[in-house]
Amino acid sequence: MDSADFDTENEPQETIHSELPQNVSDNVEQDSDDDEIQMSSREVLESLQRAWINEKFAPDVLPYEEALVEMVMLQLVHMEENLASANKNDLLYIVHRMEVDRIRYIVASYLRCRLQKIETYAAHILDADAVRQSRSKRLSDAERKFATDYHESVENHFYQLVVRHMPQNHQDDERIRRVVPNVDAHVFARARKDLGEYSLGGGEHSINIKAGSVHLFRYRDIEPLIIEEFLELI
């Protein structure tokens with residue numbers, strides 16, 4: 001593993017600059033339906049961190065980055081195997097251990113952010129995902145099962161505790177009491193590439209978006225650009 005720079009401040013806008021061990025493959029293959037993309041270990045980690053920050057600041061749940069999570073977890077297994085045979089009193093071991101813990105924190109925080117949204121907006125997320133095409137669904141199979149079980153448990157508990165004691169004409173108001181994400185909230189976003197003129201608010205306004213520029217947008221207007229990785233939240 002090459003020498004790595006470690007940042008002791010976990011600021012969202014900073015990226016991971018450290019490299020993984022040399023005996024972990026420098027190129028990780030990411031399979032897609034149409035082609036095969038080669039990503040270096042550093043690019044995988046930077047992509048995961050970007051997905052993590054986007055998930056933290058997006059009001060609604062974003063598509064699950066299954067390929068990135070799987071690749072990083074596979075790399076972590078190799079790193080743990082390397083550390084198991086290393087000298088624990090060696091400074092390099094301590095540095096490598098810190099990096100492993102840092103990567104694990106990012107993965108755990110990313111998954112935890114998603115679970116918090118699923119618990120808060122379970123009914124909304126399940127209904128929205130049900131009408132999306134298979135390629136556009138945002139939950140993993142495990143998340144969908146968790147969301148379904150969680151929603152059913154909450155609704156059953158709420159029915160036993162409150163709803164069954166209410167008048168009959170108010171017992172079917174599940175949609176009225178449903179909590180939905182505020183997609184009209186404003187977020188800061190940075191452009192990753194030049195987009196030219198982009199229409200906002202249904203065409204009422206337009207803005208020239210240049211690579212590296214930072215803007216304050218209504219989330220609803222730019223969600224597609226976040227998903228397509230043209231913008232990143234900060």
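The values are calculated or read from the model by the stated rules, or taken from the named source; none is laboratory data. Please read all numbers here as calculations on a predicted model, not as lab measurements. Note that each Cβ is placed from the backbone with ideal geometry, even for glycine, and that neighbours are counted across all protein chains shown. All accessible areas refer to the heavy atoms of the entire protein, side chains included, with ligands and DNA or RNA removed. Shrake-Rupley method; radii C 1.70, N 1.55, O 1.52, S 1.80 Å.
Counting pairs of alpha carbon atoms under 8 Å apart in space and at least six apart in sequence, what relative contact order in percent does the stretch 118-234 give?
Working: 122 pairs, mean separation 27.1, N = 117.
23 percent.
3J(HN,Hα) along the stretch 131-146: 9, 7, 5, 4, 6, 9, 5, 9, 9, 6, 4, 5, 5, 5, 5, 4 Hz, from the Karplus curve 6.51 cos²θ - 1.76 cosθ + 1.60 with θ = phi - 60°, whole Hz, x for Gly and Pro.
The phi torsions of the stretch 157-167, fed into the Karplus equation with coefficients 6.51, -1.76 and 1.60 and a -60° offset, translate into couplings of 5, 5, 5, 5, 7, 10, 4, 5, 9, 8, x Hz, rounded to whole numbers, with Gly and Pro shown as x.
Compute the FRET efficiency between MET98 and LYS210 as 1/(1 + (r/R0)^6), taking r as their Cβ-Cβ distance and R0 = 41 Å, and round to the nearest 0.05.
Numbers: r = 37 Å, r/R0 = 0.89.
With a Förster radius of 41 Å, E is 0.65.
Determine the alpha carbon to alpha carbon distance for each of LYS88/LYS145; LYS145/LYS193; LYS56/LYS145; LYS56/LYS193; LYS145/LYS210 and list only those over 30 Å.
On the way: LYS88/LYS145 41 Å; LYS145/LYS193 36 Å; LYS56/LYS145 22 Å; LYS56/LYS193 22 Å; LYS145/LYS210 40 Å.
Long pairs (Cα-Cα over 30 Å): LYS88/LYS145; LYS145/LYS193; LYS145/LYS210.
The solvent-accessible area of PHE57, taken with every protein chain present and a 1.4 Å probe, is close to 80 Å². Rounded to whole numbers, the Karplus 3J(HN,Hα) couplings from phi for the stretch 82-91 are 5, 5, 4, 9, 8, 6, 5, 8, 7, 4 Hz, using 6.51 cos²θ - 1.76 cosθ + 1.60 with θ = phi - 60°, and x at Gly and Pro. Only alpha carbons enter this Debye calculation for the stretch 41-180, each as an equal point scatterer, and the log10 of I(q)/I(0) it gives at q = 0.09, 0.17 Å⁻¹ is -0.41, -0.96.
Pairs of alpha-carbon atoms within less than 8 angstrom and 6+ residues apart define the contacts here; what relative contact order does the stretch 41-180 have, in percent?
Working: 79 pairs, mean separation 38.4, N = 140.
Value for the stretch 41-180: 27 percent.
Taken over the stretch 182-233, the percentage of Cα pairs per 10 Å bin, counting from 0 up to the bin with the maximum distance, is 27, 64, 9.
Starting from the Cα-Cα distance between HIS157 and THR120, subtract it from 0.36 nm times their residue separation and give me the gain in nm to one decimal.
Separation in residues times 0.36 nm, less the Cα-Cα distance, equals 11.8 nm.
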